[in-house]
Amino acid sequence: MNRKQFLLTLSAAGLALALMPAGAALAQQSISSKDFQALSGHVPTEAAPGKIEVVEFFWYGCPHCYAFDPTISAWSKRKPEDVVFRRVHVPFFSRPHQQMFYALQAIGREDDDTRNVIFEAIQKQRKPMQQLDEMKEVLAAAKVDPKAFENAYNSFGVKTQIQRANKLATAYGIDGVPTLGINGRYTTSPSVAGSNERAIVVLDELIQRERGQQGADGAGK
């Protein structure tokens, strides 16, 4: 290829990239080791054989988690069928928030609408939600049964879930949120990847790597 042909090709490629949707442009970028961390050992997952587990470690009181929630929630609705997604509320900063999360999970009300009500109350209305009475008052806006919530909040089952969450956060080495754990082998986050959208690009690539690894392990058996 001569210089003129090269310049024409380069110009066309640049125009195509400029016209490409932002998400597609991000997908074209290959991820690097700076975009994620590989764990030194494998953290056990709760996913069934053949499934890939993604965990979002978060905290209701974290403004970055609030900003990331629409992005990760949208991803969770389009995730591949072989991927299992779950959220884990971290133990640091606010034990009552963590207890609230697992109480809502216990009564089947840890959903997008309820989570958004909590985020809005803490992040925009500046309600600390550290006391049970205030929690019930705020959650009433999401039509959460106050008695069922209080019973779950003080239950042994919720205490057990908190202990499991704390052990998982320790095993993953979580020291900031939001952080994504991928199949017990990797972590990434918006701060590491560079943006909320870029974190999803990295997440999808790491899922693909895990899928390939599982295929290789199966072929070797």
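Laboratory data are not the source of any read-out in this text; all were calculated from the coordinates shown. Owing to the predicted nature of the structure, the values given are computational and were not obtained by experimental measurement. When we count neighbours, we look across all protein chains shown, and the Cβ atoms used for this are built from the backbone with ideal geometry, even at glycine.
Quick check for me: using +1 on Lys/Arg Cβ and -1 on Asp/Glu Cβ, what's the dipole size of segment 37-219 about its Cα centre, in debye to the nearest 20?
Around 220 debye, computed over segment 37-219.
In segment 100-179, which trypsin sites (Lys or Arg not before Pro) fall in coil by DSSP and have 14 or fewer other Cβ atoms within 10 Å?
R126, K143
Can you give the Rg and Dmax of segment 30-111 based on its C-alpha atoms, in angstrom?
Calculated on Cα positions, Rg and Dmax stand at 14.5, 42 Å.
Is the shape of segment 37-219 rounded, prolate or oblate, going by the alpha carbon gyration tensor and its root eigenvalues a ≥ b ≥ c, with a/c under 1.5 for rounded and a/b larger than b/c for prolate?
Here segment 37-219 falls in the prolate category.
Cα-Cα over 31 Å: which of K51/K159; K79/K147; K124/K159; K34/K79?
K79/K147
Subtract the Cα-Cα distance of K159 and Q208 from 0.36 nm times their separation in residues, and report this length gain in nm to one decimal.
Gain in length upon complete extension: 14.2 nm.
Work from the charge dipole of segment 37-219 (Cβ charges, +1 for Lys and Arg, -1 for Asp and Glu, about the Cα centre) and give the residue of N154, A193, Q125 farthest towards its positive end.
Ranked along the dipole, the leading option is N154.
Out of segment 61-124, which chymotrypsin sites (Phe, Trp or Tyr not before Pro) are coil in DSSP terms and have no more than 16 other C-beta atoms within 10 Å?
Filter output for segment 61-124: F92, F93.
Using DSSP to call loops (not H, G, I, E or B), can you name the GluC sites (Glu not before Pro) in segment 41-146 whose Cβ has at most 13 other Cβ atoms within 10 angstrom?
E46, E81
Tell me, how many Å apart are the Cα centres for segment 119-133 and for segment 61-95?
Segment 119-133 and segment 61-95 have Cα centres spaced 19 Å from each other.
Among the aspartates and glutamates, select those whose C-alpha is under 18 Å from the C-alpha of K127, and discard any that sit fewer than 8 residues away in the same chain.
Qualifying aspartates and glutamates at Cα under 18 Å: D113, E137.
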